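One structure is given below, encoded as structure tokens.
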Amino acid sequence: MNSKTKFICGVTSALFTAAMFTAPAMAKPNPNQSAWENANPNAKFLRCGTEDLTESQMQAAEDQFRKFSALKGKPTKPGGGNGGGGGDGGGDPVVRPAGSVSIDVYFHVIRDDNGNGGNTQGEVDAQMQVIENAYSGGSGGVPTPFTFNLVETTYTNNSAWYSASQGSAAEQQMKTALRVGGPETLNIYSYNVGGGLLGWATFPSSYASNPDYDGVVILNSSVPGGTSAPYNEGDTGTHEVGHWLGLYHTFQGGCNGGGDQVSDTAAERSPAYGCPVGRDTCRKGGEPDPIYNFMDYTDDSCMFKFTPGQAARADLQSFTYRE
Ligand SMILES: [Zn+2]
């Protein structure tokens, strides 16, 4: 595993190849970091492929979100009214009732030309169960409005697609050929993702500019019982679906600015790896880093929850861009 360190999602592939297989520098252990962080000083900021926005990109994205959201209005609870919510000035939007938003899912298993390497239907079902459990609050977080309906699992033999890197022509071809549905339909692609990545996803706001590209990619061995320990309990799928619903990383923006645009996830200077209990990188005297959150980079065994603020953001992002 040492030479094949996995990262949950990917940023730009050039960065990965440069840093990923670099031998860890021998340095004094930092007591504020986990053993994993200390052992992988070059890898710690490269684990996820979903784009981390710059502060100005973030502002532009959030300005657009506010504008589109105002045009669209807020989701209402059955029977009318905008109950709940409450707010922090920006107004946490109403969160529709737990399980009231059913998302159709198409799960695309890619295998090599000889039919090797793909997930089994049992693995697909187990992955979907982990996602369902996470978003229903069954793993210990807040229940969200989302529930997932696996409509179909497709199987495709194509070696080029089986190793398609993020942003490659092969990835676009694969998605263009296989994607089903509109912005409301979740397409998950599972294969031997390269570059040491565990996966990546597109944001809801990206759908309009490239509908075919929309969806979630996961490493086939990150599914429950896969070989990518400690990232083999299916939480890569949960994390990437979080992006697909509009959630940022908990460390987005570091200690300053709007962070991840969610008020109830403590600011975090950098991704957390392993399960560094008590880690507090912004030292603002509040809560320690949100290491148990699905949108951090900790081990699957460590992350188990979304917050009410994340549920609210995902609800309004999804309602604004995907319905
Ligand atoms: Zn991510």
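The values are calculated or read from the model by the stated rules, or taken from the named source; none is laboratory data. From a predicted model like this one, the values you see are computed outputs, not experimental measurements. Note: ideal-geometry Cβ built from the backbone for every residue, glycine included; neighbour counts use all protein chains shown.
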Restricting to the stretch 137-150, what's the tally of residues that are under 17 Å from the mean Cα position of the chain (by Cα) and either assigned to a strand (DSSP E or B) or on the phi > 0 side of the Ramachandran plot (or both)?
4
Give the residue, chosen from 264, 235, that is surrounded by 21 or more Cβ atoms within 10 Å (Cβ to Cβ) and acidic (Asp, Glu).
235
Going by what's in this entry, would residue 287 be described as surrounded by 24 or more Cβ atoms within 10 Å (Cβ to Cβ) and either under 15 Å from the mean Cα position of the chain (by Cα) or over 24 Å from residue 96 (Cβ atoms) (or both)?
no
When every residue in the stretch 48-67 that is of a type in the set (A, V, I, L, M, F, W, C) and either surrounded by 15 or more Cβ atoms within 10 Å (Cβ to Cβ) or at pLDDT below 90 (or both) is compared, the one farthest from the ligand (Cβ to nearest atom) is 65
Name every residue in the stretch 290-323 that is of a type outside the set (A, V, I, L, M, F, W, C), within 16 Å of the ligand (Cβ to nearest atom) and over 30 Å from residue 74 (Cα atoms), in order of residue number.
297, 298, 299, 300
Which of the residues that make up the stretch 219-240 are within 14 Å of the ligand (Cβ to nearest atom) and over 14 Å from residue 51 (Cα atoms)?
219, 222, 231, 235, 236, 237, 238
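Could you please let me know if residue 271 is under 17 Å from residue 197 (Cα atoms), within 16 Å of the ligand (Cβ to nearest atom) and part of a loop (DSSP other than H, G, I, E, B)?
Considered against the rule, which asks whether it is under 17 Å from residue 197 (Cα atoms), within 16 Å of the ligand (Cβ to nearest atom) and part of a loop (DSSP other than H, G, I, E, B), residue 271 comes out as yes.
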Among 193, 216, which is the only one that is more than 15 Å from residue 105 (Cα to Cα) and within 16 Å of the ligand (Cβ to nearest atom)?
193
